[in-house]
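Reviewing the structure listed below.
A short reminder: the numbers here are calculations on the coordinates, not readings from a lab. All values reported here derive from a predicted model rather than from experimental measurement. Using ideal geometry, Cβ is built from the backbone for each residue, glycine included, and neighbour counts are taken over all protein chains shown.
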Amino acid sequence: MPNTEVTIGSLKLKNPVLTASGTFGYGDEVKELVDVSKLGGIITKSLSLKPRDGNAPNRIVETSAGMLNSIGLANIGVHAFIEQKLPYLCDLNTTIIANIAASTLDEYCEVLSLLENEEGIDGYEINVSCPNVKEGGLNFGTNCDMIAEITRRLRPLTTKALIIKLTPNITHITDFARSAELAGADAISCVNTFVGMAIDIRTKRPKLSTVTGGLSGPAIKPLALAKVYEASQAVNIPVIGIGGIMTWEDAIEFLLAGASAIQVGTANFIDPTASVKIADGIKSYCEQSNISNITELIGALDAKRDNSILSSWL
């Protein structure tokens, strides 16, 4: 039997498959559909200090090979999460990672500190694709200094895994990955959704109430794969790959590109058991390929250019 365990900071995941934040709720919504013990872990829906209603509808739109969303980080707030959701999560036989969203540096710190006082959370993923209200709405994730400052502020508050979730809506993701690493992050998640939009040609109005939203699904997979490859070449900490992973074959591509683990997102809306199927597929691939340890796949991409083939095309 192949060893599918991977290490992310202090986390020991039984396999490299995680559910992406916002696509699996708080875990209890799918308890009758999915055996989460077969997953490497669950990443919760984003948690803010106070409850958030999110954006007005329409806030989800299906697109060609993907989905646009503008949920607006709607969530029950960290206090309700601790009271209503965490007791159930504590009993699950899988890793639990809390995703944290905030509008100020102090809010990030307060939410993490509240969770740190509770049992059942194994690590934190920090959503930096949030507007910093004290900086005129500039997203934390589009400024390297802000990425570093968030990480530096949070690092002393926990010894658990600290994962920074990077946005792809920047020029050089390597700069942001390095900023997170140098400030003390244990890993980075790469990537969040790409900015996109859709228009109703009959009404001549945007299909989302916020005009633009986050594009996910198969359409972004080649873009996300490239970002993972670039980031993994730039840092020594683990990279968690996200973006259009619908099958185990997609997951293997991300591992080969340098991801130590992957997250399944949009696929969960189509099939809630997609993550389990992907985990099973990865295991079968390793068995059939005589791979004894999944770490043999991580970063194993042969990216050398074959000049003889290239010249034959010219």
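What the table shows:
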| item | result |
| --- | --- |
| Burial ordering of ARG205, ARG178, fewest other beta-carbon atoms within 10 Å first | ARG205, ARG178 |
| The stretch 58-136 and the stretch 247-287: distance between their alpha carbon centers, rounded to Å | 23 |
| Value of Rg to Rh for the chain (Rh from inverse mean 1/r over Cα pairs, i.e. Kirkwood) | 0.96 |
| Which of VAL191, VAL36, VAL30 has the fewest Cβ neighbours within 10 Å, and the rest in rising order | VAL30, VAL36, VAL191 |
| Equivalent ellipsoid semi-axes - Cα gyration tensor, the stretch 14-144, angstrom | 24, 20, 14 |
| Residues of the stretch 5-49 with amide N under 19 Å of the 7 Å Cα→Cβ point at ARG153 | 46-49 |
| Chain lengthening between LEU33 and SER289 when straightened (0.36 nm per residue, less Cα-Cα) | 89.1 nm |
| Long pairs among LYS50/LYS165; LYS31/LYS160; LYS204/LYS227; LYS38/LYS227; LYS221/LYS277; LYS12/LYS38, criterion Cα-Cα beyond 24 Å | LYS31/LYS160; LYS204/LYS227; LYS38/LYS227 |
| Amide hydrogen neighbours beyond the local backbone of ASN293, cut-off 5 Å, H modeled | ASN3 |
| Extended-chain gain in nm, criterion 0.36 nm per residue less alpha-carbon gap, ALA56 and ASP280 | 76.8 nm |
